[in-house]
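Sharing a structure below in structure tokens format, with a few things to ask.
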Amino acid sequence: MTAVRRGPMTWLVLACQLPPRSPLTATIRRRLTAAGAVYPANAVAVLPASAAGDRAFRCLLNSIREAGGSAQVLRAEAIEGERDLAAAFNAAREREYDQIIAGCGDIAAGIQEHTAAGHFRVADLEEMDEELKRLSFTLDTVRSRDALGAANAEAAASSLARCRVVLEEFSRRVYGTDAVPLPGISPRRPSRGA
């Protein structure tokens, strides 16, 4: 469910123009997307006003100017279309949360596949553990810019929690013990002669 805001909302608007065929175009777009911006028009990016958004836009403003382009950062209230801006912003966060949910599903499916095949290898566990860490970091990042309360934030957090439990159980099977290995400490393995 989308958060309901009372009264006008303040937005940060970055309007920019890069020189034709600038090699920075894709970089600027990636950095704007990483900041959580949405694009209501060509060369215009928008974020709900925040200190983090302000820093991101000002940093991009400097990069654009150094590349020979022009840019302005504006603080504005929408006269018309705020609901559309909020919906676009929430839809972008919901897509990011959906990617986390899908990633957790992929890990769980991989564990199920390895378990069914009787493959309990440390390398597989480490790979899935790294992916889970990446998804956890991504969740923290998306939550930090989810200023309007995208609908599936809790579903993503729940999915990540369930994935941790499944991975912990797989870890027990990999190491053949009920003890959960401590991060950074390799469990002792019996020697081949034992």
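Within the chain, which is the longest segment that contains none of the trypsin sites (Lys or Arg not before Pro) sitting in a DSSP loop with at most 13 other Cβ atoms within 10 Å?
So the longest stretch without any such site is 22-120.
What number do you get for segment 8-49 when its Cα radius of gyration is normalised by 2.2 N^0.38 Å, N = residues?
So the Cα radius of gyration is 1.21 times the expected 2.2 N^0.38 Å.
In the chain, if the dipole is taken from +1 on Lys/Arg beta carbons and -1 on Asp/Glu beta carbons about the Cα centre, which of 112, 153, 34 is farthest to the positive end?
It is 34, whose Cα lies furthest towards the positive end.
Just want the answer: with Cβ charges of +1 for Lys and Arg and -1 for Asp and Glu, which residue in 52, 68, 12 is farthest toward the dipole's positive end in segment 10-77?
The one lying farthest along the dipole's positive direction is 68.
Using a simple spin-label model with points 7 Å from Cα along the Cα→Cβ vector, what separation in nm is obtained for residue 157 and residue 51?
2.2
Further, regarding this structure: Would you calculate, for the chain, the mean residue ellipticity at 222 nm contributed by helices, counting each DSSP H stretch of 4 or more residues as -39,500 (n - 2.57) and dividing by all residues, to the nearest 500?
On the way: 5 runs with 110 residues, N = 194.
That comes out to -20000 deg cm²/dmol.
Would you be so kind as to identify all helices of the chain, as entire DSSP H runs, whose Cα atoms reach 20 Å or more along the helix's own axis and whose mean Kyte-Doolittle hydropathy is at least -1.0?
Answer set is 51-66, 82-117, 122-145, 153-175.
Calculate, in nm to one decimal, what residue 112 and residue 143 gain on full extension: separation in residues at 0.36 nm each, minus their alpha carbon distance.
Length gained, residue 112 through residue 143: 8.3 nm.
Let me ask something additional. Report, as a whole number in µm² per second, the diffusion coefficient that Stokes-Einstein gives for segment 1-103 at 10 °C and 1.306 mPa s using the Kirkwood radius over alpha carbon pairs.
110
Rg and Dmax in Å for segment 85-175, alpha carbons only: what are they?
Using the Cα atoms of segment 85-175, the pair Rg, Dmax is 14.8, 50 Å.
About its Cα centre, how strong a charge dipole does the chain have in debye, to the nearest 20, once Lys and Arg get +1 and Asp and Glu get -1 at the Cβ?
In total the dipole reaches around 520 debye.
Then there is this: If you average over every viewing direction, what projected area does the convex hull of the Cα atoms of the chain give, in nm²?
Result: 15.4 nm².
Would you mind calculating the gained length between residue 76 and residue 126 on full extension (0.36 nm times residue separation, minus the Cα-Cα distance), in nm to one decimal?
Value of the extension gain: 13.3 nm.
Here, each number is a calculation from the coordinates, and none is a lab measurement. On a predicted model such as this, the values are computed, not experimentally measured, just so you know. Please note: Cβ atoms are built from the backbone with ideal geometry, for glycine as well, and neighbour counts cover all protein chains shown.
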